[in-house]
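What follows is a single structure, written as structure tokens, with notes after it.
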Amino acid sequence: MATSGESKCPACEQTVSSAEELQFNENRFHKRCFVCVDCRKSLDGKTAKTHQSGIRCQSCYARKFGENNDPSAKAANSKKFSQKFGSSDRCPRCSKAVYAAEKVMGGGKSWHKTCFRCAMCGKSLESTTVTDKDGEIYCKVCYAKHFGPKGFGLGNAAMLEQRE
């Protein structure tokens, strides 16, 4: 029978002495019994998540109940990560964080190397071959073709076809 200072462990139903107890949500567990119901990983009060069907580690809880699909949790984690690793730049093409190891500058903005491509033809760009207009980047050929001067003698194919 449990005496004062002793109670029953909810996991094994045996008496828990104060020397071997771990308290969680007003229950007292044996340290050896305080494990994830799915993966059997040892838990502590900070890593445990409760649900009606038992106590789980954070990963099993997220896998089973979708905690990681919460957009506000993802945004908070992304913000914490960028604060920790010093990135606040966002790639204009994909809107993801740009870190120093993958950063390419062009048009006054930071881009991922893989996103640093011409908006028209998709050709990879370098800082010497890039031109920008209205927040988008282009290779020099596409920029000249679409935004350059138009008229006879300036490479305008439509004008040449009309003349023939």
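Could you list all residues from the range 102-141 that are assigned to a helix (DSSP H, G or I) and farther than 17 Å from residue 92 by Cβ? Working first, answer last.
Let us first name the residues in the range 102-141 that are assigned to a helix (DSSP H, G or I), namely 102, 113-115, 140-141.
Within the range 102-141, 140, 141 meet the criteria.
Please work out if residue 62 is surrounded by 14 or more Cβ atoms within 10 Å (Cβ to Cβ) and either modelled with pLDDT under 80 or in contact with a helix residue (DSSP H, G or I) (Cβ under 9 Å, 6 or more places away or on another chain) (or both). Spell out the reasoning first.
On the way: surrounded by 14 or more Cβ atoms within 10 Å (Cβ to Cβ): yes; either modelled with pLDDT under 80 or in contact with a helix residue (DSSP H, G or I) (Cβ under 9 Å, 6 or more places away or on another chain) (or both): yes.
For residue 62, the condition - surrounded by 14 or more Cβ atoms within 10 Å (Cβ to Cβ) and either modelled with pLDDT under 80 or in contact with a helix residue (DSSP H, G or I) (Cβ under 9 Å, 6 or more places away or on another chain) (or both) - is met.
Do we have any residue at all in the range 76-83 that's open to solvent by less than 90 Å² (accessible area, probe 1.4 Å), more than 30 Å from residue 44 (Cα to Cα), at pLDDT below 85 and out of contact with any helix residue (DSSP H, G or I) (no Cβ under 7 Å at 6 or more places or on another chain)? No; the residues of the range 76-83 include none that is open to solvent by less than 90 Å² (accessible area, probe 1.4 Å), more than 30 Å from residue 44 (Cα to Cα), at pLDDT below 85 and out of contact with any helix residue (DSSP H, G or I) (no Cβ under 7 Å at 6 or more places or on another chain).
The values are calculated or read from the model by the stated rules, or taken from the named source; none is laboratory data. All figures in this text were calculated on a predicted structure; none of them were measured in a lab. Glycine gets a Cβ as well: all are built from the backbone with ideal geometry, and neighbour counts include every protein chain shown. Accessible surface is based on the protein model in full, side chains and every heavy atom, while ligands, DNA and RNA are left aside. Shrake-Rupley method; radii C 1.70, N 1.55, O 1.52, S 1.80 Å.
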